[in-house]
1. From the residues in the range 135-154 that are within 12 Å of A106 (Cβ to Cβ) and assigned to a strand (DSSP E or B), which one is modelled with the lowest pLDDT?
2. Of the conditions (1) in a strand (DSSP E or B); (2) modelled with pLDDT under 95; (3) of a type outside the set (V, I, T), L260 fails just one. Which one is it?
3. Out of the residues in the range 264-285 that are under 21 Å from Y323 (Cα atoms) and of a type in the set (V, I, T), state the one that is surrounded by the fewest Cβ atoms within 10 Å (Cβ to Cβ).
4. Please enumerate the residues belonging to the range 100-129 that are among the hydrophobic types (A, V, I, L, M, F, W, C), over 26 Å from P406 (Cβ atoms) and surrounded by 16 or more Cβ atoms within 10 Å (Cβ to Cβ).
5. Filter the range 200-235 for residues that are more than 16 Å from the chain's Cα centre (by Cα) and not in a loop (DSSP other than H, G, I, E, B); which is farthest from D158 (Cα to Cα)?
6. With the structure loaded, tell me whether P132 is at pLDDT 90 or above, within 25 Å of Q196 (Cα to Cα) and surrounded by fewer than 20 Cβ atoms within 10 Å (Cβ to Cβ) or whether it fails that test.
7. Restricting to the range 66-99, name every residue that is surrounded by fewer than 22 Cβ atoms within 10 Å (Cβ to Cβ), part of a loop (DSSP other than H, G, I, E, B) and at negative phi.
8. Can you tell me which of F291, F282 is closer than 18 Å to L224 by Cβ, touching a Phe, Trp or Tyr at 6+ places or on another chain (Cβ under 6 Å) and modelled with pLDDT of 95 or more?
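The values are calculated or read from the model by the stated rules, or taken from the named source; none is laboratory data. Because the structure is a prediction, the values reported are computed rather than measured. Here the Cβ positions follow ideal geometry from the backbone for every residue, glycine too, while neighbour counts run over all protein chains shown.
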Amino acid sequence: MFAATLAAVLMLSLCSSVAFAGWSAPQSFGVSRYATTAVAVDARGDAAVAWATRGSPSIGPRFRTSVHVTVRSANGRLSTRTVWSSNDAEPLGVSVVLTASEVTVAWGSFNRAGTGTVRAAYGPLIGRWCQPRAIGRISVPAFYPPVPWVPHLAVASDGEVLLAWSHWNGKYGHEQERRGAAVAWRAPGRRFGAPQVLPDAPGGAVPQFDARGTAYLYGYCSGLVPIAPAHTHRFGRTVVLMPRQALAFDLSLTGSGRGLATWIAGECSFDAAAGNTPGPVFASVLSAGAFGKPLELTPADTAAFYSNAVATPGGGTVNWATYGPHGSETFSLQIGTDGLSGATQQITGGLIALTADGGGDQVFGPVPVPSTPIALVASPVFVRPAGGGADQPGPGRPGQVAVAAPVGRAVVWAWNASPTGAGSTMVLSVWRP
């Protein structure tokens, strides 16, 4: 009996090691049941999960917000801290990035008077952090627009951090209203500088750095891409990939001045009842810092409602989804660095490439819910290592995924331990080759 038990244990251990090859042992930590989360990972395998909690009428004041961050060092050590709390704030989301030496967290909130504020804090993986600071203010409209309110962070390979958020002029619904973005920069060990308002930048701007340190901004509802050369802190050039409003715009970068953009020639709607306008799918290859001529990937009568781009050193993949007679249908297309595309393939297994790290390792999962960030995915999730090898499935439930960018090879997967996704325990695991 002892021998049989030992053999069973050894077999279970072997199966587990094969099933979750490359993934660290899952680690748990406590969160509020009313939490909005964000995740990040660096090239060493350090990971961070930030979350903003809100009050609930059933358990306490509505306008009570706290921001927390849990850091997992590459050696597996967990530490959790409360970054900020207020009795007069409703959260507008949270973002987090990290390098081998620092973690940066940014979040938005609005108070009872309707004043919106973007704040940030930073500090070492282990040790004392700086006090949180208000970085900028926004006017909160009467209802939420179809672009994310969440402030977005990006980090360059040298540790420089860029923060971007939606900016309104306080005249929501007025004919003179201007929708744009604001940005602020921070060097390692320094506080954020004064915000810069970019009135012509896309609302809900998402920042990214390439391996050289060039910064890009893009938005879900816009075909404009402002670009700031490395270390200049100035978005002096804007590429117009689609002159009017776009839908589901996505940009993926790999290496220096290389990447892939995709979008739908449709429109975002500010009317929740009307919904967005679907359309055909386009793409543009970024090579040597220049975007190529837009490629029309689908016929003009295509009604796509979702698209995403995944750039890899050898080219990239564009995925999109349409509504068919039996529900949504998903398609995929490979695009080379020369801009030439292969044949369109329909996804029958339901899993698509969602993102890729700086080394070209791709993360696969189901198509996200329309109009939500690409990182928000459901189980199963697996990594397809660059250069070949077996796919490496992750060990947990539906959750959030982040990859090391722009030069690292690492993936973090964080999920709620509750089957409903609303429990008080989070779990994370890190993949490295």
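1. My answer is G136.
2. All conditions pass for L260, except number (2).
3. My answer is T277.
4. Scanning the range 100-129 gives a single hit, F110.
5. Of everything passing the filter in the range 200-235, G223 is farthest from D158 (Cα to Cα).
6. It is true that P132 is at pLDDT 90 or above, within 25 Å of Q196 (Cα to Cα) and surrounded by fewer than 20 Cβ atoms within 10 Å (Cβ to Cβ).
7. Scanning the range 66-99 gives S73, A74, N75, R77, N87, D88.
8. Just a single option satisfies the conditions, and that option is F282.
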